[in-house]
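Engineer: I have a structure here, written as structure tokens, and I will follow up with some questions on it.
What follows draws every value from the coordinates through simple rules; no lab data is involved. Not measured: the values here are computed from a predicted model. Quick reminder, even Gly has a Cβ in these numbers, built from the backbone with ideal geometry, and neighbours come from all protein chains shown.
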Amino acid sequence: MLKQQTEQEDAWARAERRRANLLITGGTVHTPNGEERLDIACAGGRIVALGDLGGWHADTRLDATGLQVLPGVMDTQVHFREPGLTHKETLEAGTRGAVLGGVTAVFEMPNTNPLTLWRDDLEAKLDRAEGRAWCDYAFYLGGAAVNADELARLERLPGCAGVKVFMGSSFGDLLVDDDTALRRILAGGHRRMAVHAEDEARLRARRPLVEQGADVTRHPHWRDVDSALIATRRIVAMAEETGRRLHVLHVSTAEEMAWLARHKERVSVEVTPHHLTLSAPDCYQRLGSLAQMNPPVRESRHREALWRAIRDGVVDVIGSDHAPHTLDEKARPYPDSPSGMTGVQTLLPIMLDHVHQGRLSLRRLVDLTSAGPARVFGIQGKGRIAVGYDADFSIVDTAVRRTLDNGWIASVAGWTPYHGETVTGWPIHTVVRGRIVVRDEVLAPASPSGQPVAFLETP
């Protein structure tokens, strides 16, 4: 704490001398006031001045002429597989992909091996990330029957993104499919709780639909609309009973979105780029199991409903649900092929292309990827370009065209479902706490220096 205070005092002393560690000039900057042409001075990892800073001196200058300077993009749902499953992904490779894709902070999920259920599990992940993570990070604790009585204490640990509950599509202690355990978890904390809402009983009952030679096109039929809707209605009703704030992850159906629109008082909503971009059956015919996710990519009517919900303001956050598996694993015959795809590195390029196509404004994208996560999760010092905030920037060219390619993907898995797709809009520079980690689309030679994300509701 004393070190942090000293760094802040030094930063403001440099500001008084009109000297910055980093000076960003020439760009169109997206501040709370809207789009502005101004310079940004950064010192001690924070923004210390905005405006015409022609009289300032800087250790490093970054020319952003012709570029859009966005608040740092935060991906609040990633699976980096470490520990235990590092043949699929690692914290180093996952965060390297994040910054190459313009992402400055990530929230990582608890379904690792061992599961992230206790203080020791969380601290082990924090130790692994130190000196290896290219962007800032926080880790979810899994909500389970075995730790329900401790969650109010555990969720306040430094570096904890909150509690994540799997109502379906999980295993061991992480699978929570009975009402008694769910109510205990909801009652055992105060921070917003994230939930994967699929009804496990219905999934088990419908599993025979995809046995004996079924192919992956049957995936959204097995995991049907009611599998998602039943679980979502159930957990939202429980949250309303207990007064707990809730974050419903990767909403995939028109029916869920229509229902959630009427229950937004304490509930926030996430959608993913793949549910906004792909549609069945085409994606399964083209990509096979590479398009297989839980909840599934569905027919185009659902995709259009998600876009309406973005336009109507029902959606609060976009997360990638980056969940890599190796190509060998994905090649297993369905339904033994695992669900999951890479996504953290392509989140911003895919969404910038949607901006180019006119499906949402750049301002709305900033809300969904920066301001929205900060607001929903109570993130300290992030989510906007403002004096005193962390100097996190995703600097993009909205006019440049690039073709997505497996060779660009940093993930250990080494593939993207968007291989060969051309997009308009691309991350050029990524800045984390005033350090340029990607410059001109190339990873900086400096070592990883990501830090834990701080939250307003934790010490």
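Engineer: What is the sum of charges around ASP328, taking Lys and Arg as +1, Asp and Glu as -1, for the other residues whose C-beta is under 13 Å from the C-beta of ASP328?
Structural biologist: Working: positive: LYS88, LYS330, ARG332; negative: GLU329, ASP336.
In short, +1.
Engineer: A follow-up question, please. Can you pull out the trypsin sites (Lys or Arg not before Pro) in region 256-349 whose DSSP state is coil and whose Cβ has at most 11 other Cβ atoms within 10 Å? Provide the component values of the computation, followed by the final result.
Structural biologist: Values: sites: ARG262, LYS264, ARG266, ARG286, ARG298, ARG301, ARG303, ARG308, ARG311, LYS330; in loops: ARG262, LYS264, ARG266, ARG298.
Within region 256-349, the qualifying trypsin sites (Lys or Arg not before Pro) (loop, at most 11 other Cβ atoms within 10 Å) are ARG262.
Engineer: Could you give the length gained by full extension between VAL400 and GLU265, i.e. 0.36 nm per residue of separation minus their alpha carbon distance, to one decimal place? Write out the running numbers ahead of the final one.
Structural biologist: On the way: separation 135, 0.36 × 135 = 48.60 nm, distance 3.98 nm.
Computed gain between VAL400 and GLU265 is 44.6 nm.
Engineer: Place a point 7 Å from Cα of HIS356 in the direction of its Cβ. Which residues in region 300-317 have their backbone N less than 14 Å from it?
Structural biologist: none
Engineer: Under 25 Å between C-alpha atoms is the cut-off here; go through region 71-377 and count lysine pairs that meet it, provided they're at least eight residues apart or on different chains. Could you put the intermediate results ahead of the total?
Structural biologist: Numbers: LYS88/LYS125; LYS88/LYS164; LYS88/LYS330; LYS125/LYS164; LYS164/LYS264.
Lysine pairs satisfying the spacing and distance rule in region 71-377 number 5.
Engineer: So for the chain, taking the charge dipole from beta-carbon charges (+1 Lys/Arg, -1 Asp/Glu), which of VAL225, SER337, LEU22 sits furthest toward the positive end?
Structural biologist: LEU22
Engineer: Grab the Cα-Cα distance for ARG301 and TRP12, subtract it from 0.36 nm times how many residues apart they are, and report the gain in nm with one decimal. Write out the running numbers ahead of the final one.
Structural biologist: Numbers: separation 289, 0.36 × 289 = 104.04 nm, distance 5.22 nm.
Gain on stretching ARG301 to TRP12: 98.8 nm.
Engineer: From the Cα gyration tensor of region 71-377, with a ≥ b ≥ c the square roots of its eigenvalues, which class applies: rounded if a/c is under 1.5, or else prolate if a/b is larger than b/c, or else oblate? All intermediate terms of the calculation are to be shown ahead of the outcome.
Structural biologist: Numbers: a/c = 1.16, a/b = 1.10, b/c = 1.05.
Rounded.
Engineer: Apply 1/(1 + (r/R0)^6) to the Cβ-Cβ distance of PHE171 and ARG19, taking R0 = 60 Å, and write down the FRET efficiency to the nearest 0.05. Don't skip to the answer; put the middle values down first.
Structural biologist: Values: r = 54 Å, r/R0 = 0.90.
Once rounded, the FRET efficiency stands at 0.65.
Engineer: Here's another thing I want to ask about it. Please identify every one of the GluC sites (Glu not before Pro) in region 191-295 that sits in a loop by DSSP and has no more than 15 other beta carbons within 10 Å of its own beta carbon.
Structural biologist: Values: sites: GLU198, GLU200, GLU211, GLU240, GLU241, GLU255, GLU256, GLU265, GLU270; in loops: GLU198, GLU211, GLU265.
Counting only loop positions with at most 15 other Cβ atoms within 10 Å, the GluC sites (Glu not before Pro) in region 191-295 are GLU211, GLU265.
Engineer: Now a separate question. Determine, for each peptide in 18-30, 445-457, 427-439, the mean count of other beta carbons within 10 angstrom over its residues, then list the peptides with the highest first. All intermediate terms of the calculation are to be shown ahead of the outcome.
Structural biologist: Details: 18-30: 21.2, 445-457: 16.5, 427-439: 23.3.
My ranking of the peptides, most packed first, is 427-439, 18-30, 445-457.
Engineer: Determine, for each peptide in 139-146, 216-223, 120-127, the mean count of other beta carbons within 10 angstrom over its residues, then list the peptides with the highest first. Could the numbers behind the result be given before it?
Structural biologist: On the way: 139-146: 23.8, 216-223: 20.9, 120-127: 16.8.
The packing order, highest mean first, is 139-146, 216-223, 120-127.
Engineer: Using helices alone, what [θ] at 222 nm do you get for the chain, with -39,500 (n - 2.57) per DSSP H run of 4 or more residues, divided over all residues and rounded to the nearest 500?
Structural biologist: Numbers: 16 runs with 134 residues, N = 459.
After summing the helix terms and dividing by the residues of the chain, the value is -8000 deg cm²/dmol.
Engineer: Taking neighbour Cβ counts within 10 Å as the exposure measure, how do VAL387, VAL163 sort from fewest upward? Intermediate results must be reported in sequence, preceding the final value.
Structural biologist: Numbers: VAL387 14, VAL163 28.
Taking fewest neighbouring Cβ atoms as first place, the list is VAL387, VAL163.
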